[in-house]
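Undergrad: Once you've had a glance at the structure underneath, I'll fire off some questions.
The values are calculated or read from the model by the stated rules, or taken from the named source; none is laboratory data. These numbers come from a predicted model, not from an experiment. Using ideal geometry, Cβ is built from the backbone for each residue, glycine included, and neighbour counts are taken over all protein chains shown.
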Amino acid sequence: MSMSNEPVDVLIIGAGASGAAIAWSLLETRMRILCLEQGDHLHDKEFPSRREDYELSRYGAFSCDPNVRNLKQDYPINSEQSCITPVNWNGVGGSTVNFLGHWPRMKPSDFKTRTLDGVAEDWPVDYETLEPFYDLNDENTGVSGLGGNPGYPDYSPPLPPIPIGRLGRTLANGFNQLGWHWWPSDVAILSEDRDGRQKCVNAGTCDLGCAAGAKGGTNFTYWPILENAGVELRTNARVREIIVDQETGFATGVLYHDADGQLHVQKAELVIVACNGVGTPRLLLNSKSSLFPEGIANRSGLVGKNLMFHPLTGVAGVFDEPMLGHEGPMACSILSQEFYETDPERGFVRGYGLHSGRSTTPMTFALGGYGIDSPIPWGEEHREIMDNIYPYLAGLTVVTEDLPEECNSVTLDPELTDSDGIPAPRITYRLGDNTRKMLRHGQEKAKELLRAAGAKSVIAKGSDEVWWRAGWHQMGTCRMGADPETSVVNGWGRSHDVRNLFIVDGSIFVTSGAVNPTPTIQALALYIGDRIKTNIATLFD
Amino acid sequence: MWTDRNDELLMKILDEIIPAGGARRMPSAGVKAVAESVLSATAYSDNPVESVTVVLQAVESRAGDFAGLPAPERVALLKLVEADHPAPFNELVRLTYMAYYSRPEIRPLLGVGAHPVHPGGYEVTRESEDLMNDLTAPVRARGIAYRQV
């Protein structure tokens, strides 16, 4: 039986990175804002890092992979036709709960790849337009880093950098020896106490949620402010479909399931989708009507197309002294963007970053590393690797730009559903030739760097092997653009087809860059919020 | 029916999967606590007892007295079982690693704290401003490193 709830002005679907940011932006309008979130709050006692056997949770209820967690709030994802599987968190804070907090911005060239390199499309916004929103979001999040990075137009993070550690210093010396760019990573992790949140204690388990609140998940940054200010956050509320008036073509609200599976109608004047690059196309494709038989806002046929990840591969060096890689934020020490911009002599367009994460804890290393299911050998070889290699490792992760291709997609699985019977997403994805070339180039450069830094041996997997659980960054499946034939939303996130429907998450990216997308996702959400406020009188024209 | 004999054989196999010794004097995985954790790991495996049972039966069918074999022969036999039954054997290896390294007393032997990482974490000193200036000086000296558009 359907139950009806009191109508609201703004309905946001998803309480993650982008949903929280746009809610914050719209606070000053005094509109009634409601956010529906399929998961729940994570309470203090639930953080696994407070337990002695904290590592175990990576392989069960706190896995980054929803197909492993299989919790009630999760939806299954069919990744059989993909070399990368999406990972996420469903709950207040979304994937900022278990993301690793690495915080590099996209670069000016990322927004103009068609003009500069003849590939993909240019964005309808540019770096200069987003820059004040990057700055604003850095303040709201509490970003730590070192100003003056020559890799970007000048800006300074609000907090000083976190320690780069022995591992970071060792690699930095290698980069300096080769004359390559590197810089201490910008991180959404507090290097100093701030706003009632505790600074990072270097626990090294960012993926298990930060019990200290040092990591800038929106469960610790935006949501406490939003709830205090009267934004209603309704948890355990899973949206089934967006409903649309068949005469006017406007969205009128949503149907959602509560924790007991009961179906409700929630009416709204303005609907904002913030479910990221897999959840958002899934919801739109599930919202079929006579007006939109292929899914709402999908007259272009591009909802779900052009899926981009950031394919990753790792190279590690074995050094003479322990690198203490388990101490400190696990993905963030230093970042090299020496090979980020296009150089025709390399044989590929665009580029990649060399990310110095830290190493991990013994169990995760023995099981193959973070995001990899490939345990190290058993027997005497196991003893040798754990005793004489594991403590001495420093690694680099090659993170490549992924160019959009229509064949890489999110569609609806014909059989698989979540616990409410809503069709699950199916991923079809393969690596492009350009990406393979980048991965090979990146592996060779990473080896060169590690040797220059003093590694006595270097360990790498095959150049075509990418991490299976590398699908953190889900982009491109509802891309922005000026032309309704070749894009899903306009230059400020409004659907071309449904004028009171906005999308604010990673799905609207036109290209992927080769950096972690969350700072750009949130800057875009703040920008779109600003455009909504500016255009409020003619918002639906 | 799970028996004491099963327990003993499982622990002998665990002794080979993670052997004792080395410069760090690590203990082997063949102890009761690890065996129990492997068998009860239903949160991490569809049916751990079934996987373990397949391996145990395969070992017993090849050697009535596995424990009595010389060490190299035990390893060689397990490699044959691994080749014949890769899925259950790999599952046993995976669960053994999880059970063994989840014991807090093991981590310090590899330089990692035994404690839960929150709230204490690790003390890591931030590099001084002077050190960071010195380290980044060559990067800054090369000037702008992004494509101006």
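Undergrad: Determine, yes or no, whether A:Glu405 is without any contact (Cβ under 8 Å) to a residue 40 or more places away in the chain and of a type outside the set (Phe, Trp, Tyr).
TA: Values: without any contact (Cβ under 8 Å) to a residue 40 or more places away in the chain: no; of a type outside the set (Phe, Trp, Tyr): yes.
Here the answer is no, as A:Glu405 does not meet what is asked.
Undergrad: I've got another one for you. Can you confirm whether the range B:79-89 contains a residue that is crowded, with 17+ Cβ neighbours inside 10 Å, out of contact with any strand residue (DSSP E or B) (no Cβ under 9 Å at 6 or more places or on another chain), at the interface with another protein chain (Cβ under 7 Å from one of its Cβ atoms) and at pLDDT 95 or above?
TA: Quick first cut of the range B:79-89, residues crowded, with 17+ Cβ neighbours inside 10 Å only: B:81-82, B:85, B:88-89.
Now narrow it down to the ones that are out of contact with any strand residue (DSSP E or B) (no Cβ under 9 Å at 6 or more places or on another chain): B:81-82, B:85, B:88-89.
Then keep just the ones that are at the interface with another protein chain (Cβ under 7 Å from one of its Cβ atoms); that gives none.
Scanning the range B:79-89 turns up no residue that is crowded, with 17+ Cβ neighbours inside 10 Å, out of contact with any strand residue (DSSP E or B) (no Cβ under 9 Å at 6 or more places or on another chain), at the interface with another protein chain (Cβ under 7 Å from one of its Cβ atoms) and at pLDDT 95 or above.
Undergrad: In the range A:181-223, which residues are outside any loop (DSSP other than H, G, I, E, B), aromatic (Phe, Trp, Tyr) and more than 13 Å from chain B (Cβ to nearest Cβ)?
TA: So in the range A:181-223, the residues outside any loop (DSSP other than H, G, I, E, B) come out as A:183-184, A:187, A:189, A:194, A:197, A:206-208, A:215, A:222-223.
Retained after the next criterion (residues that are aromatic (Phe, Trp, Tyr)): A:183, A:222-223.
Those that are outside any loop (DSSP other than H, G, I, E, B), aromatic (Phe, Trp, Tyr) and more than 13 Å from chain B (Cβ to nearest Cβ): A:Tyr222, A:Trp223.
Undergrad: Of the residues A:Tyr152, A:Tyr127, only one is more than 28 Å from A:Ala394 (Cβ to Cβ) and out of contact with any strand residue (DSSP E or B) (no Cβ under 7 Å at 6 or more places or on another chain); which? Lay out the reasoning, then the answer.
TA: Working: A:Tyr152 fails: more than 28 Å from A:Ala394 (Cβ to Cβ).
That would be A:Tyr127, the only listed residue that is more than 28 Å from A:Ala394 (Cβ to Cβ) and out of contact with any strand residue (DSSP E or B) (no Cβ under 7 Å at 6 or more places or on another chain).
Undergrad: When residues of the range A:373-409 are filtered for being away from every other protein chain (no Cβ under 12 Å) and of a type in the set (A, V, I, L, M), how many remain? Before the answer, list the steps.
TA: Looking only at the range A:373-409, we keep the residues that are away from every other protein chain (no Cβ under 12 Å), and these are A:394-409.
Cutting the leftovers down to of a type in the set (A, V, I, L, M) gives us A:394, A:396, A:398-399, A:403.
Going through the range A:373-409 one residue at a time, the tally reaches 5.
Undergrad: Please specify each residue of the range B:29-46 satisfying the condition of being surrounded by fewer than 18 Cβ atoms within 10 Å (Cβ to Cβ) and within 24 Å of B:Gly111 (Cα to Cα). Break it down stepwise before answering.
TA: Looking only at the range B:29-46, we keep the residues that are surrounded by fewer than 18 Cβ atoms within 10 Å (Cβ to Cβ), and these are B:31-33, B:36, B:40, B:42-43, B:46.
Once the filter is applied, which keeps residues that are surrounded by fewer than 18 Cβ atoms within 10 Å (Cβ to Cβ) and within 24 Å of B:Gly111 (Cα to Cα), the range B:29-46 yields B:Val31, B:Ala33.
Undergrad: Continuing with this model, one more query. What are the residue pairs meeting all of these: first residue in the range A:135-152, first residue within 14 Å of another protein chain (Cβ to nearest Cβ), second residue of a type in the set (Phe, Trp, Tyr), Cβ atoms under 7 Å, and 6 or more apart or on different chains?
TA: A:Leu146/A:Trp183; A:Gly147/A:Tyr155; A:Asn149/A:Trp183; A:Gly151/A:Trp183; A:Gly151/B:Tyr146; A:Tyr152/B:Tyr146
Undergrad: OK, next. Examine the range A:130-137 for a residue that is under 21 Å from the mean Cα position of the chain (by Cα), of a type in the set (A, V, I, L, M) and surrounded by fewer than 24 Cβ atoms within 10 Å (Cβ to Cβ), and state whether such a residue exists.
TA: Looking through the range A:130-137, at least one residue is under 21 Å from the mean Cα position of the chain (by Cα), of a type in the set (A, V, I, L, M) and surrounded by fewer than 24 Cβ atoms within 10 Å (Cβ to Cβ).
Undergrad: Out of (1) facing chain A (nearest Cβ under 7 Å); (2) surrounded by fewer than 13 Cβ atoms within 10 Å (Cβ to Cβ), what's the single condition that is false for B:Glu127?
TA: (2)
Undergrad: Next up: Only one of these is part of a strand (DSSP E or B), within 30 Å of A:Val510 (Cα to Cα), in the same structural domain as A:Leu412 (by TED's automatic domain parsing) and touching a Phe, Trp or Tyr at 6+ places or on another chain (Cβ under 9 Å): A:Ser95, A:Ser25, A:Ser79. Name it.
TA: Details: A:Ser95 fails: part of a strand (DSSP E or B); A:Ser25 fails: part of a strand (DSSP E or B).
The conditions single out A:Ser79.
Undergrad: Still on this structure, I have one more. Every residue in the range B:1-28 that is among the hydrophobic types (A, V, I, L, M, F, W, C) and surrounded by fewer than 17 Cβ atoms within 10 Å (Cβ to Cβ), please.
TA: Within the range B:1-28, the first condition is being among the hydrophobic types (A, V, I, L, M, F, W, C), and the residues that meet it are B:1-2, B:9-11, B:13-14, B:17-18, B:20, B:23, B:26.
Correct list: B:Met1, B:Trp2, B:Ala20, B:Ala23.
Undergrad: Which one is nearest to the other protein chains (Cβ to nearest Cβ) among residues in the range B:95-109 that are touching a residue at least 40 places away in the same chain (Cβ under 8 Å), surrounded by 22 or more Cβ atoms within 10 Å (Cβ to Cβ) and within 18 Å of A:Glu381 (Cα to Cα)?
TA: Filtering first and then ranking leaves B:Tyr97.
Undergrad: Is it true that some residue in the range A:299-319 is within 14 Å of chain B (Cβ to nearest Cβ) and at pLDDT 95 or above? Before you say what the answer is, go through the steps one by one.
TA: Let us first name the residues in the range A:299-319 that are within 14 Å of chain B (Cβ to nearest Cβ), namely A:319.
From the residues that got through so far, the ones that are at pLDDT 95 or above too are A:319.
Yes: the range A:299-319 contains one or more residues that are within 14 Å of chain B (Cβ to nearest Cβ) and at pLDDT 95 or above.
Undergrad: Here are some conditions: (1) out of contact with any Gly (no Cβ under 6 Å at 6 or more places or on another chain); (2) within 14 Å of another protein chain (Cβ to nearest Cβ); (3) closer than 19 Å to A:Arg469 by Cβ. A:Ser336 meets all but one. Which one does it not meet?
TA: It fails just one condition, (3).
Undergrad: What number of residues within the range A:31-87 satisfy the criterion of being over 25 Å from A:Pro423 (Cα atoms), more than 13 Å from chain B (Cβ to nearest Cβ) and of a type in the set (Lys, Arg)?
TA: Total meeting the criteria: 1.
Undergrad: Please determine whether any residue of the range B:44-61 is without any contact (Cβ under 8 Å) to a residue 12 or more places away in the chain, outside any loop (DSSP other than H, G, I, E, B) and at positive phi.
TA: no
Yes/no matrix, rows are residues, columns are (1) surrounded by fewer than 23 Cβ atoms within 10 Å (Cβ to Cβ); (2) touching a strand residue (DSSP E or B) at 6+ places or on another chain (Cβ under 8 Å); (3) outside any loop (DSSP other than H, G, I, E, B); (4) in the same structural domain as A:Gly369 (by TED's automatic domain parsing):
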| residue | (1), (2), (3), (4) |
| --- | --- |
| A:Ile225 | yes, no, yes, no |
| A:Glu241 | yes, yes, yes, no |
| A:Gly249 | yes, no, no, no |
| A:Thr252 | yes, yes, yes, no |
| A:Asp260 | yes, no, no, no |
| A:Phe292 | yes, yes, no, no |
| A:Gly304 | no, yes, no, no |
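Undergrad: Follow-up. Just checking, does the range A:160-180 include any residue being assigned to a loop (DSSP other than H, G, I, E, B), more than 8 Å from chain B (Cβ to nearest Cβ), surrounded by 18 or more Cβ atoms within 10 Å (Cβ to Cβ) and over 23 Å from the mean Cα position of the chain (by Cα)?
TA: Start the filter on the range A:160-180 by keeping residues that are assigned to a loop (DSSP other than H, G, I, E, B), which leaves A:160-164, A:179-180.
Next, only the ones that are more than 8 Å from chain B (Cβ to nearest Cβ) stay: A:180.
With surrounded by 18 or more Cβ atoms within 10 Å (Cβ to Cβ) added as a condition, the list becomes A:180.
When the remaining residues are screened for being over 23 Å from the mean Cα position of the chain (by Cα), the result is A:180.
Yes.
Undergrad: Then there's this: Quickly run through the range A:457-504 and pick out the residues that are charged (D, E, K, R) and surrounded by fewer than 18 Cβ atoms within 10 Å (Cβ to Cβ). Walk me through how you get there before you give the answer.
TA: To start, the set of residues in the range A:457-504 that are charged (D, E, K, R) comprises A:461, A:464-465, A:469, A:479, A:483, A:485, A:494, A:497, A:499.
Within the range A:457-504, A:Lys461, A:Asp464, A:Glu465, A:Asp483, A:Glu485, A:Arg499 qualify.
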